1. Is it the case that some residue within the range 1-24 is modelled with pLDDT of 90 or more and not in a helix (DSSP H, G or I)?
2. Residue 198: within 21 Å of the chain's Cα centre (by Cα), under 16 Å from residue 252 (Cα atoms) and free of Cβ contacts under 8 Å to residues at least 60 places away in the same chain, yes or no?
3. Can you pull out every residue in the range 342-378 that is outside any helix (DSSP H, G or I), surrounded by fewer than 15 Cβ atoms within 10 Å (Cβ to Cβ) and either outside the structural domain of residue 79 (by TED's automatic domain parsing) or modelled with pLDDT of 95 or more (or both)?
4. Would you be able to tell me the number of residues in the range 202-223 that are surrounded by fewer than 24 Cβ atoms within 10 Å (Cβ to Cβ) and more than 15 Å from the chain's Cα centre (by Cα)?
5. Under the condition of being without any contact (Cβ under 8 Å) to a residue 40 or more places away in the chain and not in a loop (DSSP other than H, G, I, E, B), which residue from the range 177-195 is nearest to residue 283 (Cα to Cα)?
6. Wholly within the range 224-278, which strands (runs of 3 or more DSSP E) include no fewer than the required count, namely at least 1 residues that are farther than 18 Å from residue 210 by Cβ?
7. Just to be sure before I move on: is residue 105 over 24 Å from residue 291 (Cβ atoms), surrounded by fewer than 15 Cβ atoms within 10 Å (Cβ to Cβ) and in contact with a helix residue (DSSP H, G or I) (Cβ under 9 Å, 6 or more places away or on another chain) in the structure I sent?
8. How do the pairs read when you match residues in the range 138-151 that are more than 14 Å from residue 209 (Cα to Cα) with residues anywhere that are surrounded by fewer than 16 Cβ atoms within 10 Å (Cβ to Cβ), using Cβ under 8 Å and keeping only pairs 6 or more apart or on different chains?
């Protein structure tokens with residue numbers, strides 16, 4: 001009996017030893033892969049000129065539904081990290097695919113990096129693409145439904161060549177709020193759970209997600225894009241914390257002044273605001289601004305302030321739709337600030353490294369493929 005026990009114990013020790021050897025090998029491989037990715041990221045960063053790095057911080061918009069010389073020159077001149085598609089850019093499936101392919105070809109030749117192709121496909125009122133999944137957020141019944149909506153929506157967006165959905169919207173809202181019809185119209189606990197499931201569905205479909213608008217536009221009855229909004233208190237944010245468990249790639253910051261946080265600048269312009277976001281929502285995500293070419297900002301701040309203050313505050317990506325102010329003006333203002341030393345190149349590099357790292361999730365799966373295949377290889 002004693003001998004049998006010894007044999008059993010010896011076998012157990014050998015199995016345990018083997019387990020730890022495999023465990024160590026696995027994590028050594030993971031470390032090596034991590035180092036390789038980090039090295040490739042640094043290598044790509046070092047190949048970019050300063051102007052190209054600045055461009056990577058912008059997701060831009062433009063007029064037009066097909067590539068022309070003006071749009072081509074705009075992309076070549078500004079080297080944007082992404083494109084924001086609005087209804088002015090969308091006609092039908094074939095047109096949209098062709099436009100995206102053309103834009104990706106230019107970007108890949110210019111920087112070697114694919115573009116974020118972004119759209120607001122929230123469902124309901126804000127559905128830039130009419131012919132794909134567009135269930136309103138308030139119509140979503142439960143977690144299973146939310147997951148399926150996210151997966152279906154993400155799949156259809158991906159098939160068009162879009163890789164970033166600026167949704168879902170997590171703002172807690174009330175019936176007289178400007179944003180009410182776009183929201184989940186639930187309490188913070190249910191919003192967090194539904195958003196988490198929807199993000200998981202989009203991720204399963206290969207779609208990047210930017211949740212919005214932290215900490216929220218709730219309590220505002222007028223259009224905050226036209227008039228700068230001020231709120232006394234900071235909204236509830238636990239729904240963002242729950243949604244972050246699904247690892248969204250980006251979080252969009254609001255353009256509201258919250259007096260309980262900072263009275264001089266909007267949330268997206270203040271270090272206090274971005275610090276509040278980072279301390280309350282854990283995760284390895286990029287912080288993206290709401291559109292900066294809004295009258296609420298343009299009527300109150302200088303163009304230099306509009307593009308530099310978010311970067312100084314800690315935002316990684318600036319949306320500049322060009323709806324009310326030419327995109328070129330916004331990018332030029334940031335270039336001038338960096339060239340004058342107002343913002344250091346090292347600060348730009350920190351965000352660009354994070355952007356490249358996320359884009360490698362696109363390009364790693366697309367090695368050796370041309371832009372046309374980018375529509376299917378995400």
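1. The first filter runs over the range 1-24 and keeps only residues modelled with pLDDT of 90 or more, leaving none.
No: zero hits.
2. Numbers: within 21 Å of the chain's Cα centre (by Cα): yes; under 16 Å from residue 252 (Cα atoms): no; free of Cβ contacts under 8 Å to residues at least 60 places away in the same chain: yes.
When the stated conditions are applied, residue 198 does not pass them.
3. The initial filter retains those residues of the range 342-378 that are outside any helix (DSSP H, G or I), namely 342-344, 367-370, 378.
Now drop any that are not surrounded by fewer than 15 Cβ atoms within 10 Å (Cβ to Cβ), which leaves 342, 344, 367-370.
Listed by number, the residues that qualify are 342, 344.
4. Qualifying residue count, the range 202-223: 8.
5. Top of the filtered list is 190.
6. Values: elements: 229-231, 250-253, 256-258.
In the range 224-278, 229-231, 256-258 are the strands (runs of 3 or more DSSP E) which contain 1 or more residues that are farther than 18 Å from residue 210 by Cβ.
7. Numbers: over 24 Å from residue 291 (Cβ atoms): yes; surrounded by fewer than 15 Cβ atoms within 10 Å (Cβ to Cβ): no; in contact with a helix residue (DSSP H, G or I) (Cβ under 9 Å, 6 or more places away or on another chain): yes.
In short, no.
8. 138/124; 138/181; 139/124
The values are calculated or read from the model by the stated rules, or taken from the named source; none is laboratory data. Given the structure is predicted, the values throughout are model-derived calculations rather than measurements. Please note: Cβ atoms are built from the backbone with ideal geometry, for glycine as well, and neighbour counts cover all protein chains shown.
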